[in-house]
Structures are given as C-alpha cells and as structure tokens.
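Participant: Please see the structure below; I have some questions.
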Amino acid sequence: MNPSRTPLLAIAAFSFAMIAVALYLQHALDMLPCPLCVIQRYLFLSVGILAVVGAFRKPRVYTGLSLLAALGGLGTAGKHLYILAHPGLSCGIDPMETLLNKLPAATYLPFLFKADGLCEDATAPWFGLSIPQWSLLGFVMLTIALGLLLRRRDA
C-alpha cells in the first residue's frame with residue numbers, strides 16, 4: 001500500500017474545503033471573487049486534483065506537481081496582498097478578468113470561476129483576517145505539508 005495515500009487525500013480534502021469556503025463566501029455572504037481570487041481557486045483545485053491522482057498513481061510525481069501548484073498559489077495570494085497594501089494598483093481587472101471569464105471553466109461553471117469582483121473589495125475581515133490572508137495561510141499549510149511529504153523516503 002502507498003504510505004502517502006492518506007496524507008495526499010487529506011491535502012486534497014483541505015484544498016476542496018478551501019474552495020467550499022470560497023463558494024460559501026460568494027453565494028451566502030455576497031463576496032464576489034476578483035480575478036486573483038479566481039486564479040487562487042484554480043490553484044486550490046489543481047492541488048486537490050493532483051493530490052487525489054497522486055494518492056493512487058506515482059505519488060512522488062504528483063506530489064511534486066501539487067507542490068508547484070501550491071507555490072503558484074503562494075505567489076498569487078502574495079500578489080493579492082501586495083495590491084491590497086498599495087491602493088491604486090490594479091489587479092488586472094480589464095485584461096485578466098476578460099481572459100478568465102472567457103475560459104471554458106468560467107463559461108460552463110460560472111458559479112465557481114467567473115470573476116466579478118474587485119481585488120480591493122477583499123479587505124473585509126472574516127474571523128480576523130482578510131480573504132487573501134486566509135488564502136495565503138492555506139497555501140502556506142499546503143506547501144509545508146507537500147514539501148514534508150516529498151522529503152519522506154517512503155513516499
């Protein structure tokens with residue numbers, strides 16, 4: 001049996017839970033996702049899917065790919081926080097929003113991937129942190145877990 005299966009499935013569950021929270025915030029609390037939020041959703045989904053595949057096939061390869069997606073999420077969440085800290089900067093509303101909203105995923109699953117919000121609107125605290133801070137914290141936890149899992153010799 002693959003000793004990495006349980007940790008990878010837990011990582012996938014955490015990633016999918018982060019998307020579930022994002023959907024709750026969007027649909028129950030009317031917090032519209034901005035383009036950077038949507039990119040973070042794609043990356044959480046990528047981490048989760050790659051972790052599930054890695055739990056059943058080639059765990060080292062898919063753990064590494066999952067780690068790359070988590071690192072991309074760190075960069076995206078970091079950029080989002082940088083934009084929030086420097087008012088007046090754009091998160092790429094015009095070109096990035098248009099591009100994201102024309103992707104097939106946004107066309108077929110607009111409730112999940114359509115970017116309608118502004119990056120500057122993500123400052124409302126939720127349990128003491130802004131949404132991008134929560135996202136960054138999630139990606140930090142995923143990066144650490146995947147890095148430790150990749151370092152194991154039996155993975």
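Every number here is computed from the coordinates shown, using simple stated rules; none is lab data. Treat the numbers as computed from the prediction; the structure is a model and nothing was measured. When we count neighbours, we look across all protein chains shown, and the Cβ atoms used for this are built from the backbone with ideal geometry, even at glycine.
Participant: Give me K79, K58 ranked fewest to most by other Cβ atoms within 10 Å of their Cβ, as a rough exposure proxy. Don't skip to the answer; put the middle values down first.
Facilitator: Details: K79 17, K58 12.
The order, fewest Cβ neighbours first, is K58, K79.
Participant: Rg and Dmax of the chain over Cα atoms: what are they, in angstrom?
Facilitator: When restricted to the Cα atoms of the chain, Rg and Dmax are 15.9, 53 Å.
Participant: Under a cut-off of 25 Å between alpha-carbon atoms, report the lysines in cross-link reach of K102, not counting same-chain residues fewer than 8 places apart.
Facilitator: Within the straight-line limit of under 25 Å, K102 reaches these lysines: K79, K114.
Participant: So how tilted is helix 59-85 from the main axis of the chain? Cα-based, degrees 0 to 90, rounded to 10.
Facilitator: 20
Participant: Could I ask something else about it? Nearest 10 degrees is fine. How inclined is helix 5-27 to the longest principal axis of the chain, computing both from alpha carbons?
Facilitator: Roughly 10 degrees between the two axes.
Participant: Another question, if that's okay. For the chain, set up a Gaussian network in which alpha carbons nearer than 10 Å are linked by springs, and say which option among Y42, Y62, Y108 fluctuates the most.
Facilitator: Judging by the Gaussian network model, the answer is Y108.
Participant: Would you work out the relative contact order for the range 5-151, in percent, from Cα pairs under 8 angstrom that are 6 or more residues apart? Spell out each step's value before the answer.
Facilitator: Values: 191 pairs, mean separation 46.8, N = 147.
About 32 percent, as a whole number.
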